[in-house]
Structure formats: C-alpha cells, structure tokens
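Inspection log for the structure reproduced underneath, given as structure tokens.
The values are calculated or read from the model by the stated rules, or taken from the named source; none is laboratory data. What you see is a predicted model; the values in this text were computed from it and never measured. Counting neighbours? That spans all protein chains shown, and the Cβs are built from the backbone with ideal geometry, glycine included. Note: accessible area is taken over every heavy atom of the protein model, side chains too, but ligands, DNA and RNA are not part of it. Shrake-Rupley method; radii C 1.70, N 1.55, O 1.52, S 1.80 Å.
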Amino acid sequence: GYVWVPDAGPDFQPYSTEGHWVWTEDAEWMWVSDYDWGWAPFHYGRWDQDQYYGWFWVPGYEWSPAWVAWRDGGDYYGWAPIRPGINIDINFNMGTYAPPYDFWCFTPRRYILYPRVRDYCVDYRRNYSIFSSTTVISFNIGGRWGYRSGPRRWEAERYCGTIRPVRFRDSYTPGRTYFRDNEVRLYRPNVRRDEGRGYAPQHFERFDRNNNFRGNRDNGNGRINSGNRDNGNGNGRFNNGNRDNGNRDNGRINDPRGGRIENGN
C-alpha cells in the first residue's frame with residue numbers, strides 16, 4: 001500500500017523534532033507533537049527510514065501513546081521508533097527486536113519532560129557509546145519478559161522532580177494536539193481496516209522491487225523518473241539507482257557513498 005513522507009526538512013526525526021513527552025495516568029508516556037498532522041503518524045502505524053526517501057510512515061489502525069522502544073542507563077533515557085512488521089502484544093513484548101543505532105534519541109534523564117527535548121538530545125554520533133551503557137526498559141511478570149512504555153513515574157521523578165500527570169481529553173477535530181494548563185487534547189479516531197481501500201494520493205511514486213522505483217511524480221520537488229542525474233533539477237534525486245557522474249568502470253557505476261551500483265539495482 002501507500003506510505004507517507006513528510007515535508008519536514010532534512011533534520012526531521014520522528015519522536016524528536018517539534019514535540020515533547022508528557023506523562024498521563026491512563027497512557028503513561030505520550031508523545032505530544034507540535035505538527036498539525038502529528039495526531040496521526042505518531043500514534044497510529046510505524047516509522048522506518050530509507051536511503052532515498054528518508055523517514056517514511058506506514059499507516060496503521062491501532063492507537064498508541066507512542067510507538068517507541070525505550071532504554072535507560074548511564075544517566076540517559078533513550079527512545080526509538082518501532083519499525084513496521086514488529087508485532088507487539090498487550091504487554092509490549094517485542095521479542096529480540098532492536099532498533100538501529102541511528103533510530104535512537106538519548107537525553108539526560110532530567111530533561112525528559114522539557115518542552116523542547118530535542119534541544120537536549122545528544123548528537124546521534126555518540127549513540128554507540130551511550131548504547132553500551134544503557135539497557136532496554138523491561139518488566140517481568142510470571143517469568144515472562146516484556147517491554148514497558150517508558151520509565152516508571154517514580155523512577156523518573158528521582159531525576160526530573162515531581163511529575164504532574166497530564167489530563168487527557170479526546171478532541172473531535174483533526175489538527176495540532178492541544179496542550180495547555182496540564183491538559184492534552186488529541187484527535188484519536190477509531191480507524192476501521194475496511195476504510196479507504198479505494199483511495200489513492202494525487203501524487204505518488206510506485207516502488208518496484210525489481211527495478212527499484214517507477215512512477216510519475218511531477219510536483220516540483222526535483223525528483224525524476226529516468227534514472228539519470230540532471231544537475232539542473234534541484235536535488236538530483238532519481239528513481240532506479242543509476243548515477244550518471246562520468247565515472248564508470250567496466251559497466252559499474254561508482255557510488256560516492258562508498259559502494260558500487262551494478263545493473264541499476
């Protein structure tokens with residue numbers, strides 16, 4: 001089906017850019033997005049990353065306060081989007097799933113509730129060293145391990161002070177999540193699996209596993225379909241994996257990212 005790529009700038013990262021964490025009695029840790037469209041992709045479906053498109057969202061039907069995994073240790077809290085295809089049961093049991101290093105955001109524990117938590121997240125290039133000093137936040141019930149939806153309230157209060165639980169209210173209008181006077185109002189519709197099956201976006205690119213990408217997009221974003229790079233098109237993105245940079249070696253096309261692309265794949 002269709003996935004969605006936000007036009008949110010090259011530094012965009014889900015559950016990091018333009019938003020913050022709050023703690024609620026019912027949902028515990030919940031991500032409050034500052035984007036007008038944040039009510040959907042941060043609470044339904046999953047995020048993943050592609051070298052060509054960057055972060056993209058795969059729609060889903062089940063609501064969650066945030067589809068993330070959590071880590072704790074070394075004076076840091078960390079969280080990362082859970083990829084599509086990872087089944088989570090009622091106890092947040094994700095098996096052996098581990099998000100990639102660059103999916104993680106780490107911040108000193110005392111900043112976890114700050115309104116602009118992104119400003120206090122460490123550079124992702126330090127994730128590897130921080131990762132080794134942290135562990136997955138988990139629980140054990142009857143000998144069965146599972147994943148928690150964030151640090152326990154009383155544990156977080158040791159570092160960031162008293163936490164006032166945020167009141168949660170449903171909004172009936174799509175738009176930006178309302179957060180004021182310790183109250184969150186969020187649009188949270190019930191989405192049926194049989195809805196919208198015949199809907200298609202006006203502009204889209206169709207992914208083909210054999211030939212990488214195909215489709216027709218002409219909306220001024222500089223992406224082209226032929227597979228050749230046109231230096232006048234803006235960002236020089238292309239669809240089928242070929243680069244025409246004048247540096248060919250026996251039919252192989254040198255990739256400046258360090259690898260080689262053969263046969264256009």
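Restricted to the stretch 183-197, and to residues there that are outside any strand (DSSP E or B) and open to solvent by 100 Å² or more (accessible area, probe 1.4 Å), the residue that is farthest from P65 (Cα to Cα) is R197. Among the residues of the stretch 165-182, those identified as surrounded by 10 or more Cβ atoms within 10 Å (Cβ to Cβ) and either over 13 Å from D26 (Cβ atoms) or aliphatic (A, V, I, L, M) (or both) are V166, S171, P174, G175, R176, T177, Y178, F179, N182.
Would you confirm whether or not the stretch 47-59 contains a residue that is of a type in the set (A, V, I, L, M, F, W, C), touching an Asp or Glu at 6+ places or on another chain (Cβ under 7 Å) and farther than 14 Å from V117 by Cβ? Yes: one or more hits. Quick one: would you say W79 is under 19 Å from Y159 (Cα atoms), assigned to a strand (DSSP E or B) and either touching a residue at least 40 places away in the same chain (Cβ under 8 Å) or of a type in the set (G, A, S) (or both)? Judged against the criteria, W79 is a match. Might you check whether a residue that is of a type in the set (S, T, N, Q), assigned to a strand (DSSP E or B) and modelled with pLDDT of 85 or more occurs anywhere in the stretch 151-170? Within the stretch 151-170, none of the residues are of a type in the set (S, T, N, Q), assigned to a strand (DSSP E or B) and modelled with pLDDT of 85 or more.
If you go through the stretch 133-149 and keep only what is modelled with pLDDT of 85 or more and under 22 Å from Q49 (Cβ atoms), you end up with just T134.
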